[in-house]
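Here the structure is laid out as structure tokens; the discussion comes afterwards.
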Amino acid sequence: MSNVSDSQPQGAPAPQALATLDATTLLFLFADRVLPLIKKQPEHPEMHCAFAKVDGTTLAADLLACAMWELRGQGFVQLQVAEEKVLFVKTTVTHVQRLRTGTTTGLANGLLQKITDKPKETAKSVMDHWFGKDYPSPTGVVLGVPLAAAEQLGLINKVETDRPNVMAKVFKAKYHLEPNLAGIAAYESAFSAFAAAWLAFKTNEAALYQQLVKAARSSISAHQEREDNDNF
């Protein structure tokens, strides 16, 4: 899917033009509208960023899947679900074929730059290359990409504090993350266009969507930093 921007109503004053947001940033900002809510909601949820209301790993996996889907929509890659046999064991993977080089925006661009021309490149291998190493919170690494974009546009603000709220804990940081509710609301129609296309993909190509999410979850888990518990 190509980047989506919003438009201003006719006859309105000439406000500053809205920036164009990539699909993953829209998904991040409106996550509570497309993913199941966690049972324990934060206090005063209307004042919290959308990602605080959903499971972080579920959102991170959807973001990585969405980035691959966006690359296909922009004509950078072809995606195909296929079966491979390794040591007589069949496994299902998503092959990624690069169709052209270039640059895009957001998380999709990070993945695009890691795609190679080697045969049988898979979605998981691309995600693994993007991570590059293990992290204390690989989920936070994924969420940090759209967070940075939203922060740069003033859609989410960091407020320094000695007592970080639930939204900051995943980033292990000493600040509150406060949404600019009016700013985010300006992207409502852009989100609606994205959400319709995203839902159609998840419904009409369910097998591909599920395989992309599976690859994303596997890559996130593989890059979780683990303590060495061996005792000598």
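The values are calculated or read from the model by the stated rules, or taken from the named source; none is laboratory data. Computed from a prediction, not measured in an experiment: that's the story for all the values here. Reconstructed Cβ throughout: ideal geometry from the backbone, glycine too, with neighbour counts over all protein chains shown.
Residue under question is ALA182, and the condition is that it be exposed (fewer than 15 other Cβ atoms within 10 Å of the Cβ), at pLDDT below 95 and part of a helix (DSSP H, G or I); does it hold? It is true that ALA182 is exposed (fewer than 15 other Cβ atoms within 10 Å of the Cβ), at pLDDT below 95 and part of a helix (DSSP H, G or I). Of the residues screened, THR24 is one that is touching a Gly at 6+ places or on another chain (Cβ under 6 Å) and part of a helix (DSSP H, G or I). Within the range 60-106, how many residues are farther than 20 Å from HIS129 by Cα and not aromatic (Phe, Trp, Tyr)? Qualifying residue count for the region: 12. Can you find a residue that is under 17 Å from MET127 (Cβ atoms), surrounded by fewer than 23 Cβ atoms within 10 Å (Cβ to Cβ), without any contact (Cβ under 8 Å) to a residue 60 or more places away in the chain and among the polar types (S, T, N, Q) anywhere in the range 55-62? Checked against the condition, which is being under 17 Å from MET127 (Cβ atoms), surrounded by fewer than 23 Cβ atoms within 10 Å (Cβ to Cβ), without any contact (Cβ under 8 Å) to a residue 60 or more places away in the chain and among the polar types (S, T, N, Q), the range 55-62 yields at least one hit.
Within the range 36-88, the residues that satisfy the criterion of being β-branched (Val, Ile, Thr) and modelled with pLDDT of 95 or more are THR57, THR58, VAL77, VAL81. Starting from residues that are at pLDDT below 85 and touching a helix residue (DSSP H, G or I) at 6+ places or on another chain (Cβ under 9 Å), keep the ones in the range 153-168 and report whichever is farthest from ALA50 (Cα to Cα). Only one residue fits best here, namely THR161. Any residue in the range 39-53 that is closer than 24 Å to PHE194 by Cβ and touching a Ser or Thr at 6+ places or on another chain (Cβ under 9 Å)? No, the range 39-53 contains no residue that is closer than 24 Å to PHE194 by Cβ and touching a Ser or Thr at 6+ places or on another chain (Cβ under 9 Å).
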